[in-house]
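Structure record follows, encoded as structure tokens.
No value in this document is a laboratory result; all are computed from the given coordinates. Just so we're clear, the structure is a prediction, and the values are computed from it rather than from any experiment. Note: ideal-geometry Cβ built from the backbone for every residue, glycine included; neighbour counts use all protein chains shown.
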Amino acid sequence: MRIDRCVCTDTTLADIVAMARTEGLSLTQLEDRVGCGTGCGLCRPYVRRALRTGVTVFNQIVHEADEPPAA
Ligand code: FES
């Protein structure tokens, strides 16, 4: 299974990471701007991991408990 986006907003993790880096947005600011993580919430650990590591495509399930809280 390939996981590369917030399905609720159809926004790729690559676009989220790029936006965070180019505009210096925090997770909360990204949630407000894009809506990622504010729908079903299943993308939240993926978004956090993508922001932390820069990896934007996942082939494994990542749970909330797998990721440290956002800084
Ligand atoms: S997949 Fe991102 S909020 Fe549902």
Exercise for review: Among 20, 58, 47, flag the residue with its Cα farthest along the positive direction of the charge dipole of the chain, charges on Cβ as +1 for Lys/Arg and -1 for Asp/Glu.
Suggested key: 58
Review point. Once both labels are modelled 7 Å past Cα along the beta-carbon direction, what's the residue 65-residue 29 spacing in nm?
Key: 3.3 nm
Exercise for review: Would you calculate, for the chain, the mean residue ellipticity at 222 nm contributed by helices, counting each DSSP H stretch of 4 or more residues as -39,500 (n - 2.57) and dividing by all residues, to the nearest 500?
Suggested key: -12000 deg cm²/dmol
Revision key, fill the gap. When 7, 62, 47 are ranked with the fewest other C-beta atoms within 10 Å first, the list becomes 7, 62, 47
Revision key, fill the gap. Computed over all unlike Cα pairs, the Kirkwood hydrodynamic radius of the chain in Å stands at 11.8 Å
Review point. What is the local net charge at residue 66, summed over the other residues whose Cβ is closer than 12 Å to its Cβ (Lys, Arg +1; Asp, Glu -1)?
Key: +2
Exercise for review: Rounding to the nearest 20 debye, state how big the charge dipole of the chain is about its Cα centre with +1 on each Lys and Arg Cβ and -1 on each Asp and Glu Cβ.
Suggested key: 140 debye
